[in-house]
Structure formats: C-alpha cells, structure tokens
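Read the structure below first, then the notes.
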Amino acid sequence: MRVLLVHPSALMYSEIYLRLEPLGLECVATSIRGAGHEVRLLDLQIFTHRDYWRELEAFRPQAIGFSVNYLANVPEVIDLAVATRRRLPGCFLFAGGHSVSFIAAEVVEHARGALDCVVRGEGELIAPRLLEAIGDARLSTLPGVVTADGAGPAPLMHDDLDRFPPARDLARHRRKYFIGVLDPCASAELSRGCPWDCSFCSAWTFYGRSYRKTSPEAAAADIARIAEPNVFLVDDVAFVHPEHGLAVGRELERLRVRKQYYLETRCDVLVRNREVFEYWRRLGLRYMFLGLEALDEESLKLHRKRITPNENLRALEIAREIGFTVAVNIIADPSWDERQFAVVRDWALTVPEIVHFTVATPYPGTEIWHTESRRLTTLDYRLFDVQHAVLPTRLPLARFYEELVKTQSVLNRKHLGVAALRDTAGLAFRLALRGQTNFIRMLWKFGSVYSRDRQYSDHFKALRYSMRPPEAHGASRPRARDLFVHLGAPSRA
Ligand code: B12
Ligand code: SF4
C-alpha cells in the first residue's frame with residue numbers, strides 16, 4: 001500500500017529559533033515500511049500546502065497519516081483531512097501523536113467522517129495492524145484506535161526502543177532542520193518518558209509515568225548513521241540514569257563519532273549527575289535547555305517541580321563551570337502584572353543564560369486541565385501553544401502581550417543584539433559559505449513573529465473547531481491512572 005505520513009506546519013516558537021525533524025513520524029514510517037508498504041513523508045514545517053496537493057497527485061497515496069503532537073495544529077489537520085477526503089474519497093485518513101491522544105474522540109467528531117480514525121499512544125506497533133484492518137469492522141477494536149463507532153482497548157507501548165530506528169532517509173530537505181547555531185541539526189532519542197509528574201506537563205501522563213531507554217549500542221549506532229554534524233536529543237529529561245548516558249558516550253567514542261549536541265534536562269539531574277554531563281561536554285555537548293519554570297519556592301511547588309530555587313541556581317552554576325550554553329524556561333502566569341514581568345526581566349538580564357518564556361496553559365493531558373479553577377477564556381486550539389494566554393489575564397489582554405513581548409525582546413536583544421552578533425558573526429559567515437542560512441535568517445525574524453498586535457489579534461480569529469472544555473473546572477486532583485494514555489507494562493506484540 002502507498003502510505004503518506006504528514007507533519008503539520010510550524011507553530012510560532014519554531015518560526016524563529018528552530019525547526020526539527022519529525023522523529024515520531026520517522027519511527028512510525030520504519031514500522032510501516034517493515035510491513036512491506038511504500039512510505040513517503042511530507043513535513044509542512046518545510047513544505048507548503050500546495051506541495052501537499054502536488055504530492056497527492058504524484059504519489060496517489062492509499063492511506064495518509066497525520067501527526068498531531070501539538071494541540072495548536074488540530075484545526076490545520078482537520079481542514080486538510082476534510083479537503084483530502086473530497087479529492088481522494090477512497091483514501092484511508094488517520095491521525096496520531098501526543099496531543100491528539102488525549103482528545104481522540106473529540107477530533108473524530110470535529111472531522112465529521114473525514115478522519116477514519118485517531119490512533120492514541122505510540123504508533124510503531126499499531127500502525128501496520130491498522131493498515132491491515134482497513135475496510136474491516138475490527139478497526140475500532142484495535143488497541144488505541146478510536147473511530148466514530150467506538151474505541152478499542154488501551155494503546156500498545158513497545159518494550160524495545162531499538163526496534164524502530166527513525167527512517168531519516170524519508171525526511172526531504174534535511175538541511176532545513178536546525179536549532180540556533182546548530183545548523184543543520186538532526187534529532188535522536190536515547191530514552192522515552194519521564195518519571196516525574198509536574199502538574200503543567202503531559203510528557204509523563206502520555207507514557208503512564210514509565211521511562212524506557214535505548215541500548216547504548218543501538219543509540220550510538222543510530223547517531224553514527226546521522227549525516228548532520230549536530231544532533232538534538234529529544235529525550236524529555238536527558239541522563240536520568242547516568243550509567244546509561246556514560247555507556248552511550250563510550251559507544252560513541254568507540255565508533256569515533258564526533259558531533260555537537262543539544263539536550264533538555266532537569267536542574268536536579270544536572271546537579272546529581274554532574275560527571276555524565278562533564279563527560280558529554282568532551283564528546284561535543286554544547287547547549288542545553290533547563291526547565292527552571294519559576295524563581296520562587298511557592299510557584300515551584302504549585303508546578304510540582306519537586307525542586308528548590310537553590311537547586312535550580314546550583315544547576316546554573318554547574319552548567320557555567322562545565323562551559324555549557326544554557327537556555328532556561330520561565331512560565332509566565334496570566335495573573336502577572338508589570339511588576340512581576342519586571343522582576344523576571346531584571347533577573348534575566350543579570351544571568352548569562354538565554355531566558356525563554358512560556359505562558360501557563362492548562363491543556364488536555366495535564367493535571368491542571370482538571371484542577372485549574374480559573375475559567376478558560378478561549379476554546380480555540382490554535383491558542384493552546386504556550387505562547388498565548390488562555391486564562392484570564394490580570395492586565396488587559398493587550399497589555400499582557402505588550403509586557404510579554406517587551407520581556408522577550410529585551411532578552412532576545414541580549415543574545416542577538418549588536419554585541420552578541422559580533423561574537424557570532426564569524427560563525428554566521430562560515431554557515432553562509434556552506435549555504436546554511438537558517439541561523440542567519442533567525443537573527444532577523446524576531447520582530448515579525450513576536451508582536452503584541454499579532455498575539456492579541458489571534459484571539460479574534462473566527463473559531464471553527466471548539467475544544468471540549470474540562471468537565472468541571474477547579475476539580476480535585478485526578479487519579480494519575482485516569483490521566484494516562486498508556487496503561488500497564490510495555491509489550492512486544
Ligand atoms: C522534541 C520536542 C519538541 C521539538 C519538536 C520536534 C518535532 N519537529 O516534532 C521542538 C523543540 C521543536 C518542540 C517545540 C515545541 N513543543 Co515540544 N516536545 C518535544 C518532546 C520533548 C519530544 C517529542 C519527540 O520527538 N518524541 C520522540 C518521538 C519518537 O515521539 P513522538 O513524536 O511523540 O511520536 C510518537 C507518538 O506520538 C506517535 N505518533 C506521532 N505522530 C504520529 C502520527 C501517526 C499517524 C501515528 C499513528 C502515530 C504518531 O508515534 C510516535 C512513535 O511512537 C515532547 C514531549 C514528549 N514526550 O512527547 C514535547 C511536547 C510535544 N512539546 C510541547 C510543546 C508545548 C512545544 C511548543 C509549543 C513549546 C513552545 N515553547 O512553544 C513548541 C511547538 C513546536 C512546533 N510544532 O512548532 C508539548 C505539547 C503540548 C501540546 N499539548 O500541544 C510536549 C508534550 C511537552 C510537554 N512538556 O508538555 N518540541
Ligand atoms: S516538565 Fe519535565 S520533569 Fe516535569 S513531567 Fe514534564 S518532562 Fe518530566
């Protein structure tokens with residue numbers, strides 16, 4: 001069967017700082033190809049909708065699978081499915097991915113027959129079985145599969161992360177993938193899941209708080225196959241188990257792999273496992289993202305980060321001592337006024353780290369989706385991208401965005417201003433000589449992407465698909481199992 005896998009367009013944040021390969025779709029592609037199907041992949045972060053229609057003409061797919069890792073992409077994917085259904089009525093259309101797993105039935109409903117099903121959870125084990133069951137009444141009885149007729153049992157989670165290495169050969173125009181100065185940049189994963197349980201995050205609820213690792217040999221072999229000089233490690237929290245990080249590193253040394261790496265981890269993991277980070281610094285780890293989230297104890301408790309402000313600060317010191325370039329995230333609450341923005345701005349200007357902001361957003365799959373007592377001000381999926389305020393703001397909404405954008409632009413100037421540009425000019429020039437212009441373009445794009453007016457006016461776009469709101473806002477803490485997509489132990493099926 002001819003199968004096309006599609007990743008939707010980039011969201012706001014990715015328009016500037018990064019664009020990364022659709023690793024999840026590439027893993028699903030490996031499993032589908034393994035079952036004998038012909039697979040193509042189209043990434044709309046790079047290609048346009050016009051390219052999508054051309055691809056349909058040229059490839060004539062018999063099945064199309066859309067990736068919906070991000071809530072904000074839901075309307076785009078439904079619109080594409082509806083239009084595709086009109087052009088290719090016989091084609092089997094399905095969607096899967098992180099966010100859609102929490103709202104599968106409502107998305108099937110929105111699509112009004114345009115999507116044959118939504119697949120919850122990991123795609124590797126179920127995708128080939130799904131294709132086999134097309135046209136069969138068994139479809140809605142498959143694990144994780146939700147159709148208009150009903151839903152199958154809990155989705156399957158596989159027990160061997162080595163089994164479906166990403167089909168990177170399917171991602172076209174790979175030179176378009178980058179993160180900051182790591183241009184071009186590929187992605188890889190060493191582990192899946194997160195054992196913590198932060199109240200604002202759905203990484204742990206998706207995998208039922210499980211944590212799985214690749215074998216050091218397979219992880220290193222996968223990275224060794226990557227052509228790009230830079231690698232983004234997509235793990236939710238890198239090096240939770242230091243011995244695993246050390247073992248992967250030793251394998252990379254044995255294979256003489258030399259690359260630059262970017263990863264994301266927790267501050268306490270860095271403090272506790274300093275030696276593995278030092279070792280990876282020698283292997284080429286240069287950049288890391290630390291989810292600081294808040295500067296004060298009370299907010300950290302509210303987010304259930306299970307960490308203290310002192311541990312956070314200690315992690316920043318360690319990262320500086322080792323010589324990493326660090327980006328940190330702070331969650332801006334819609335209740336912030338000018339004073340709170342100013343406090344964070346002042347702090348951010350005193351530290352060498354790159355400081356990013358996300359806006360506190362309850363979304364399906366998170367605990368705060370159920371417990372947040374403030375009423376949502378919008379049910380527009382497109383605004384659930386952690387860059388918009390979906391809860392009531394204390395400041396008038398336009399003022400809130402003005403403060404947010406002002407803070408972001410002060411911090412942006414700190415790193416991309418004239419002085420910083422002097423430091424990066426040589427690098428930008430060398431990249432340009434090699435035809436790599438993603439990083440250089442990024443330097444000039446901030447003003448066109450982050451603007452008070454753009455963010456504010458996004459709230460007044462016509463609402464086509466309305467999210468199903470939480471059943472009771474301000475409800476008590478739900479049982480963890482009721483939040484999980486994956487239940488129970490990994491399987492081999
Ligand atoms: C790497 C990553 C990124 C990368 C994106 C890489 C990419 N091009 O997809 C970057 C850094 C760019 C990124 C950015 C953002 N991210 Co992000 N990201 C992740 C992270 C840590 C891992 C994703 C990943 O690659 N996993 C590994 C692969 C193998 O797994 P996977 O993609 O989930 O795919 C599997 C299944 O989902 C499924 N599947 C996926 N697609 C399909 C399709 C079909 C048809 C089927 C059947 C199955 C299927 O099968 C795959 C294999 O098992 C997740 C957390 C997580 N654990 O998922 C957050 C996460 C997805 N991101 C999140 C957020 C909020 C963002 C941002 C909005 C943040 C921001 N500050 O603006 C941006 C927006 C990105 C955009 N689209 O433009 C949230 C999602 C929130 C939401 N509900 O919408 C998550 C869950 C993190 C969190 N803590 O809550 N992100
Ligand atoms: S924020 Fe980080 S540590 Fe907390 S649950 Fe999500 S991935 Fe895990």
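Read the figures in this text as sums done on the coordinates, not as results from a lab. Source: prediction; values computed, not measured. With ideal geometry, Cβ positions are generated from the backbone for all residues, glycine too; neighbour counts draw on all protein chains shown.
Rounded, prolate or oblate: pick one for the range 311-362, where a ≥ b ≥ c are the square roots of the eigenvalues of its C-alpha gyration tensor, a/c under 1.5 means rounded, and failing that, prolate if a/b is larger than b/c, else oblate.
It comes out prolate by the Cα gyration axes.
Using +1 at the C-beta of Lys and Arg and -1 at the C-beta of Asp and Glu, which of VAL359, ILE307, THR325 has the Cα lying farthest in the positive direction of the dipole of the range 257-374?
It is THR325, whose Cα lies furthest towards the positive end.
Students often check this: by mean Cβ neighbours within 10 Å, which of 129-136, 39-46 ranks highest, and how do the rest follow?
39-46, 129-136
For the range 280-294, take each phi angle, set θ = phi - 60°, evaluate the Karplus expression 6.51 cos²θ - 1.76 cosθ + 1.60, and give the result in whole Hz per residue in order, putting x for glycine and proline.
Each residue's phi maps through the Karplus curve to give 5, 4, 5, 7, x, 6, 10, 10, 9, 10, 10, x, 5, 6, 8 Hz.
Compute the Cα gyration tensor for the range 63-140, then decide on rounded, prolate or oblate, letting a ≥ b ≥ c be the square roots of its eigenvalues: rounded whenever a/c is under 1.5, prolate when a/b is larger than b/c in the other cases, and oblate in all that remain.
Oblate.
Which value, in debye to the nearest 20, gives the size of the charge dipole of the range 70-124 about its Cα centre, when Lys and Arg are +1 and Asp and Glu are -1 at the Cβ?
It comes to approximately 280 debye.
Amide H of ARG172 versus every other amide H placed in the peptide plane: which residues, excluding those fewer than 5 positions away on the same chain, fall under 5 Å?
ASP43
Output the Kirkwood hydrodynamic radius of the range 195-274, Cα pairs only, in Å rounded to one decimal.
Values: mean 1/r = 0.0723 Å⁻¹.
Computed over the range 195-274, the radius equals 13.8 Å.
As a test of the formula, what do you get for the chain when each DSSP H run with n ≥ 4 contributes -39,500 (n - 2.57) and the sum is divided by the residue count, at 222 nm and rounded to the nearest 500 deg cm²/dmol? Numbers along the way, then the final one.
Values: 20 runs with 195 residues, N = 493.
Calculated mean residue ellipticity at 222 nm is -11500 deg cm²/dmol.
When a/c reaches 1.5 or more, the comparison of a/b and b/c decides; with that in mind, is the range 8-111 rounded, prolate or oblate per its Cα gyration tensor? Spell out each step's value before the answer.
Values: a/c = 1.28, a/b = 1.15, b/c = 1.11.
The shape class here is rounded.
Plugging the Kirkwood radius over Cα pairs into Stokes-Einstein for the chain, at a temperature of 25 °C and a viscosity of 0.890 mPa s, what D comes out in µm²/s? If you can, show how the numbers build up before the last one.
Numbers: Rh = 23.5 Å.
For the chosen part, D equals 105 µm²/s.
Considering only TYR262, PHE239, ALA224, whose Cα is most displaced toward the positive end of the charge dipole of the range 209-305, charges sitting on Cβ of Lys, Arg (+1) and Asp, Glu (-1)?
ALA224
Compute, for the chain, the length of the dipole vector about the Cα centre, with Cβ point charges of +1 (Lys, Arg) and -1 (Asp, Glu) only. Units Debye, rounded to 20.
980 debye
Could you sort 387-397, 297-307, 69-79 so that the peptide with the highest average Cβ count within 10 Å comes first and the rest follow in order?
Highest mean packing first, the order is 69-79, 387-397, 297-307.
About its Cα centre, how strong a charge dipole does the range 1-130 have in debye, to the nearest 20, once Lys and Arg get +1 and Asp and Glu get -1 at the Cβ?
I would put it at about 420 debye.
Using DSSP to call loops (not H, G, I, E or B), can you name the trypsin sites (Lys or Arg not before Pro) in the range 164-260 whose Cβ has at most 11 other Cβ atoms within 10 angstrom?
Details: sites: ARG168, ARG172, ARG174, ARG175, LYS176, ARG192, ARG209, ARG212, LYS213, ARG225, ARG250, ARG254, ARG256, ARG258, LYS259; in loops: ARG172, ARG209, ARG256, ARG258, LYS259.
Answer in residue order: ARG256, ARG258.
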